[in-house]
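Novice: Here you go, one structure.
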Amino acid sequence: MGMNRPITIGRIDYANAWPLFHQLEERFEWNSYEVIKRVPSGLNRLLQAGELDISAISSFSYGQNAKDYVLLPDLSVGSIGKVNSILLFLKEPIERKRPERISLTATSATSVNLLKILMTLRFECEPEYVTAEPDLEKMLEASDGALIIGDQAIHASWKDHGLHVIDLGQLWNEWTGLGMTYAVVAARKEVVQEQPDAVHAVCKALIESKQYNKTNLDPLIVQACKQLGGDTAYWTTYFQSIQYDFGSKLQEGLKLYFEYSKKLGLLSHDVELTFFEDQSAQKVKE
């Protein structure tokens with residue numbers, strides 16, 4: 001795989017993943033690599049089908065297919081506290097009234113199942129869940145709440161709608177004391193076996209991009225203001241609040257998330273975090 005075509009790399013098409021991928025192209029010989037942009041659910045399907053070799057994917061999708069994937073170390077989209085773009089909008093405060101029906105985004109399994117875990121185990125309620133397009137007003141026409149993620153969630157959070165907003169990253173952290181990992185970067189095992197040097201090159205380039213972008217946020221902030229709206233102060237806080245390094249609090253939080261997912265029947269099996277390692281790559285000790 002990859003011998004007669006470019007290595008294909010999946011990029012999450014949300015602002016929260018920009019620091020992993022911005023200027024990645026400059027670090028490759030681009031006759032050998034191709035980047036494909038999709039929302040997380042699209043990347044999940046393409047990697048599972050073998051149409052991508054390496055991709056940022058929903059953490060839950062890794063859990064579903066862990067036997068087929070290895071994780072690239074030091075790369076994630078997560079938070080320890082507020083994430084600001086995975087938001088539950090409620091008509092009434094949850095302390096006053098538990099929601100009976102919640103409309104869900106269809107773009108990320110991780111956020112949907114995080115919500116189900118929190119509703120069941122934290123708030124001891126079992127609302128009906130319905131999938132809908134990420135339009136807040138339409139989602140709330142027949143529901144008590146709406147889960148929206150990514151850039152659409154950011155835009156919805158700026159509106160003066162009088163709704164009660166729960167940041168799922170903040171809620172998870174307050175409840176567990178841990179971080180939450182929403183997306184990881186994974187490679188298919190057969191690609192690792194057949195082309196370890198190519199996988200290492202992608203891993204190295206992504207880590208270099210991440211490290212550079214974290215300390216040079218201005219171009220991303222300008223791009224976000226131009227493309228998505230908002231101001232410099234908002235986007236500075238936003239990018240600085242997201243965790244891209246997949247540190248121990250994020251790993252432990254993800255393991256607990258998988259444990260709860262199995263407990264609730266969202267996953268049928270235990271999940272181990274298996275990382276890509278070779279003589280050149282930095283080894284990750286669990």
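Novice: Report the residues of region 86-116 in range of a label on residue 138: point 7 Å along Cα→C-beta, backbone N strictly under 16 Å from it.
Specialist: Zone members listed by number: 103-107.
Novice: Which percent, to the nearest 5, of DSSP beta bridges fully inside the chain are antiparallel? Before the final figure, lay out each step's value.
Specialist: Numbers: 23 of 39 bridges.
Beta bridges within the chain, antiparallel portion: roughly 60 percent.
Novice: Short version: what are the Cα gyration tensor semi-axes of region 19-157, square root of 5 times each eigenvalue, largest first, in whole Å?
Specialist: Working through the eigenvalues yields semi-axes of 32, 16, 14 Å.
Novice: With springs only between Cα atoms under 10 Å, which of 253, 42, 265 fluctuates most in a Gaussian network model of the chain?
Specialist: Of 253, 42, 265, the Gaussian network model singles out 265 as fluctuating most.
Novice: Further, regarding this structure: Quick one: if you stick a label point 7 Å off each Cα along the C-beta vector at residue 49 and residue 174, how many nm between them?
Specialist: It works out to 4.1 nm between the two label points.
Novice: Pop the C-beta distance of residue 270 and residue 120 into the FRET formula with R0 = 30 Å and round what comes out to the nearest 0.05.
Specialist: Using R0 = 30 Å, I get an efficiency of 0.95.
Novice: Take the chain, connect every pair of alpha-carbon atoms lying under 10 Å apart with a spring to form a Gaussian network, then pick out the residue of 236, 181, 215 with the largest mean-square fluctuation.
Specialist: Largest GNM mean-square fluctuation: 215.
Novice: Is the C-alpha gyration tensor of region 86-176 telling us rounded, prolate or oblate? Criteria: a/c under 1.5 is rounded; beyond that, a/b larger than b/c is prolate, otherwise oblate.
Specialist: Note, shape of region 86-176 comes out rounded.
Novice: Calculate, for residue 65 and residue 256, the FRET efficiency according to 1/(1 + (r/R0)^6) with r their C-beta to C-beta distance and R0 25 Å; round to the nearest 0.05.
Specialist: Once rounded, the FRET efficiency stands at 0.80.
Novice: Taking the chain as a Gaussian network, Cα atoms linked when under 10 Å apart, which of 241, 108, 55 shows the biggest mean-square fluctuation?
Specialist: Of 241, 108, 55, the Gaussian network model singles out 241 as fluctuating most.
Novice: Please check the chain for the longest run free of trypsin sites (Lys or Arg not before Pro) that are loop-located per DSSP (anything but H, G, I, E, B) and have at most 15 other Cβ atoms within 10 Å. Before the final figure, lay out each step's value.
Specialist: On the way: sites that count: 91, 96, 97, 159, 283, 285.
Formally, the longest exposed-site-free interval is 160-282.
Novice: Dividing the Cα convex hull volume of the chain by residue count, how many Å³ per residue is that?
Specialist: About 124 Å³ per residue, rounded to a whole number.
Novice: Could you name the lysines in cross-link range of residue 204, using Cα to Cα under 21 Å and dropping any fewer than eight places away on the same chain?
Specialist: 37, 189, 214, 283, 285
Where a number appears in this text, it was derived from the coordinates with a stated rule and is not lab data. These figures come from a predicted structure and were not determined experimentally. Reconstructed Cβ throughout: ideal geometry from the backbone, glycine too, with neighbour counts over all protein chains shown.
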